[in-house]
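Encoded as structure tokens, the structure appears first; notes follow it.
The values are calculated or read from the model by the stated rules, or taken from the named source; none is laboratory data. Keep in mind that this is a model prediction, so the values were computed, not measured. Here the Cβ positions follow ideal geometry from the backbone for every residue, glycine too, while neighbour counts run over all protein chains shown. These area figures cover heavy atoms from the full protein model, side chains too; ligands, DNA and RNA do not enter into them. Shrake-Rupley method; radii C 1.70, N 1.55, O 1.52, S 1.80 Å.
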Amino acid sequence: MLLLSGTNGNVAKIDSSLVYNGSALSIPSDTAVTAISDDGTYAIIAITKNIQAYPTVINSTKILFWNGWNPSWLREYDISDPFIYAIKKTSFGVFAFGQLGIWQVSFGGIKKVFSHSPGVKQGGILSNIHTNDGSISSYSDTLVWGG
């Protein structure tokens, strides 16, 4: 299954039969999908109400866990970060990269593991958000990111 950030408050998916569903998961219309990944079982979707990516708005970001076929997500967790710009699955966990830190995310909860800006330039408005997951990698038990 391939998940895509859809339009009009939806997450789209393409299943293994190449069938496209543009509204596979409805998210609140006042939010935007900022990152999508998986943990091998669930889709992990970062959404935010902070569409303008203001660095001081920290109570509007959530991580959703979805099984790919329910009409709603199964779990949601608030993240105290203005913006999650990437989610990376590694052999030692799944990590969400935000403006204020790196968060380990799992179906069982969220844990902040790095309390510093992991590469997003700060200013009045975030103008240099990394949107390419290619800037994040892992090697052995090391998490690597670049900007």
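Once Rh is set to the Kirkwood radius over Cα pairs, what Stokes-Einstein translational diffusion coefficient, in µm²/s, holds for region 25-73 at a temperature of 20 °C and a viscosity of 1.002 mPa s? D = 186 µm²/s. Rolling a 1.4 Å probe over the protein heavy atoms leaves residue 92 with an accessible area of roughly 70 Å².
Packing, taken as the mean count of other beta carbons within 10 Å per residue, orders the peptides 93-103, 28-38 from highest to lowest as 93-103, 28-38. Projecting the Cα atoms of 85, 69, 102 onto the charge dipole of region 61-112, computed from C-beta unit charges around the Cα centre, puts 102 farthest toward the positive end.
Please compute the net charge surrounding residue 51, taking Lys and Arg as +1 and Asp and Glu as -1 over other residues with Cβ under 14 Å from its Cβ. Computed value for this residue: +1.
The residues of region 21-105 expose, per residue, 41 Å² of accessible area to a 1.4 Å probe.
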